[in-house]
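Rule-based calculations on the coordinates, nothing more; no lab input. Predicted, not measured: the structure shown is a model, and the values here were computed from it. Note that we place each Cβ from the backbone using ideal geometry, even for glycine, and neighbour counts take in every protein chain shown.
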Amino acid sequence: MSQPVVMEMRSVHKTYRLGEHIVPALQGVDLQLREGELLALTGPSGSGKSTILNLCGLIDAADRGEILLQGRPVDARDETGTTLLRRDAIGFIFQNFNLVPVMSVAENVDYPLFLAGLPWAERQQRVREALQSVGLLEHAAHRPDALSGGQRQRVAIARALVKRPRLVIADEPTASLDSGTADQVLSLMRELAHRQGAAFLIATHDSRLTCRCDRVIALLDGRISPHETSLPLGAAA
Amino acid sequence: MNHFPWLKFAWQNARRNRRRSWVTASIAALGTAAILLASGFALSTYQGLAQMAARSSGHLILAKPDQFHKDEDTPLQHGLDQADELRARLLADPEVRQVLPRVDFSGLISNGDKSTVMMAVGIDPDSEFAIKGPFLKIKAGEALLSSPQASAEVMLGEGLARSLKAEPGSSLTLLSSTADGALNALDVRVRGVFSTGIPDMDKRLVYTDVLTAQKLLNKARISSLGVFLRSMEAVPGAQARVDALFPELQVQNWETQAFFYRSVRDLYDRIFGALGLIIFLIVIFVVTNAMAMAIIERTREIGTLRALGTLPGQLLRSLALEGMVLGGGGAALGALLALGVSVLLYLFPVQMPPPPGRSDGYPLSIAIDPSVYAATLLAMLLLVMLASALVARKTVHQPVVQALAHT
């Protein structure tokens, strides 16, 4: 692969404490994610998918190992620094959409741009484009609770991509959707990934999704399984 | 324009649970109104008592130092000579409206059959009534006159007149020690009967003119000079000037002499201070509780906003603004309520019953002081914002993963 590496994990370890027990969540994971790539993480519950998402999304810190974003090591102890990295370079798509209910669709999509400090006119333009790209421009003034599940997930995708992030973290993005809507959302994610060059790191159990990703990594007990499925970028249908 | 409307966001969040927000804002409104009405009442009372005290004694009182600090062995022992000259020099000050002489003495008053103790004051009646206005309620007869009358005249307190069965025109005898220590008596005619509004005073108080008092005491002195200024604000400057003008004498301001004013102020400051503090605390607790519930309910949303790149400080500011919308909005409503009640009381006065020790009621009055309103609203705003930020601090700073996993 010749695309530049967006996110890299080097021998990352992570444990959680459950009462008196220490549970190993990741045991020396190495991972690279390239620009424009859709990488699916699969595996049973507790295999470490969410932990990788949290670490790559810079909302959690590894116990050992190194995480690099666009070639630069990330200091997870620097709360402000990681917050600003998330603000500028990482988009999130949550399983339950996590839209802010009191904001309109447009305000939800505008929020990351406001945080990034973009001028008002540019924000308006980008919000319009983002909503157009997910087919929800006519719903800009609506509140999220007036939308269907699929529409809400499309708003979440627009919110994640509006700031043109280098990395998008998606946690079970199709889990709350019916198959038709899930298919639409998948197509949209693929199209936007390839058009904007954002790397998608997707945790999923959904086989419809994995078969359309560029690469699939199976996790088991906090380790990457040797049976990795890899397709050339853009080859997945 | 490059700002996210945090205030709009706060307003939208405050409207999520409308019933809770209304209850919170209503309590803040009632609390603020209670604080403003109570402080307005106290302020109005202070102003009334201050005016009354200054009108009674004068804004400044000039006398020999011993007059203030020592008891007299004989009447007018520490009195002032050459009162007219002193008066003329004081009147040269542009802030001075009038200077009134005063002769304080005590003795007995008799109707021939019955004698009783009196507290008497010799005044310059024309000037006194001109400067003080109707400071005495004339119950019968007329007010004293300054011009020399055929016979010496007095005005009696209502209770004293009743005790001596005196009425306008009655003849009485004043008995007192002279400045030399001898006993002297003077026949006087009752010109009027008055009420000060304080029954205990009305049982003892006698007003006469300065000349009659000096004649009885056999000394052309006065006890003190009351200096009446054009405004209360002129007191500090005028006091300094009078002090410099008469270094051998002492000048005190009305507040030093106004024991009743200071007692009431001390008492009210404590009562209304404690009341205000309790109300403040209740409002803060209510807003804090509402904010705590709202923040717990929105922990996951806070985690989402943190994941999207919102700095903890930005979220704290947003949540403090939400507290401001609830508490501050309520406080603003409360200020309007207090203002409305104060104006209504001004337009439609409500008479209060006489306070203890008094015979007359008074109109309930609530002062509207912009600085008190501003200070109360500002304090309320700052406190609810601070309380909201403190409540939100823990949630905002908890790990994002933990906040996102909140159910």
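Below, the figures for the structure above:
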{"read-out": "Expected 222 nm ellipticity per residue - DSSP helices of 4 or more, -39500 (n - 2.57), all of chain A, to 500", "value": "-10500 deg cm²/dmol"}
{"read-out": "HN-Hα J in Hz across region B:363-368 - Karplus 6.51, -1.76, 1.60, θ = phi - 60°, x for Gly and Pro", "value": "x, 5, 10, 10, 6, 10"}
{"read-out": "Peptide-level mean, for A:50-62, of C-beta atoms on other protein chains within 10 Å", "value": "3"}
{"read-out": "Residue (of B:PRO75, B:VAL96, B:SER115) at the positive-pole extreme of chain B, dipole from beta-carbon charges", "value": "B:VAL96"}
{"read-out": "For the protein assembly as shown: rounded, prolate or oblate by the Cα gyration tensor [a/c cutoff 1.5]", "value": "prolate"}
{"read-out": "Computed magnitude of the charge dipole of region A:5-230 (debye, nearest 20; Cβ of K, R +1, Cβ of D, E -1)", "value": "300"}
{"read-out": "Dipole moment magnitude, nearest 20 debye, region B:65-248 about Cα centre, only Lys, Arg, Asp, Glu C-beta charged", "value": "520"}
{"read-out": "Unit charges on C-beta of K, R, D, E only; dipole of region A:1-87, Debye", "value": "80"}
{"read-out": "Hydrodynamic radius (Kirkwood) for region A:5-230, which is based on Cα pairs only, to one decimal in Å", "value": "17.8"}
{"read-out": "Selection from B:GLY330, B:GLY40, A:LEU31, by position along the positive dipole direction of the protein assembly as shown (Cβ)", "value": "A:LEU31"}
{"read-out": "Sites B:LEU267 and B:LYS165, calculated FRET efficiency, Cβ-Cβ separation with R0 51 Å, nearest 0.05", "value": "0.85"}
{"read-out": "For residues of B:399-407, the mean tally of beta carbons on other chains within 10 Å", "value": "4"}
{"read-out": "Where Rh is the Kirkwood radius over Cα pairs, Rg/Rh for region B:197-292", "value": "1.25"}
{"read-out": "Inter-probe distance in nm under a simple model that places probes 7 Å from Cα toward Cβ, at B:LEU281 and B:SER115", "value": "5.9"}
{"read-out": "Exposed GluC sites (Glu not before Pro) absent: longest stretch of chain B, with sites in DSSP loops and at most 12 other Cβ within 10 Å deemed exposed", "value": "B:249-407"}
{"read-out": "With Cα atoms, 0 to 90° folded angle of helix B:259-297 axis to chain B main axis", "value": "10"}
{"read-out": "24 Å Cα-Cα reach of A:LYS163 towards lysines, excluding residues that sit fewer than 8 places from it in its own chain", "value": "B:LYS8"}
{"read-out": "Shielding of B:300-308 by partner chains, average beta-carbon count, 10 Å", "value": "6"}
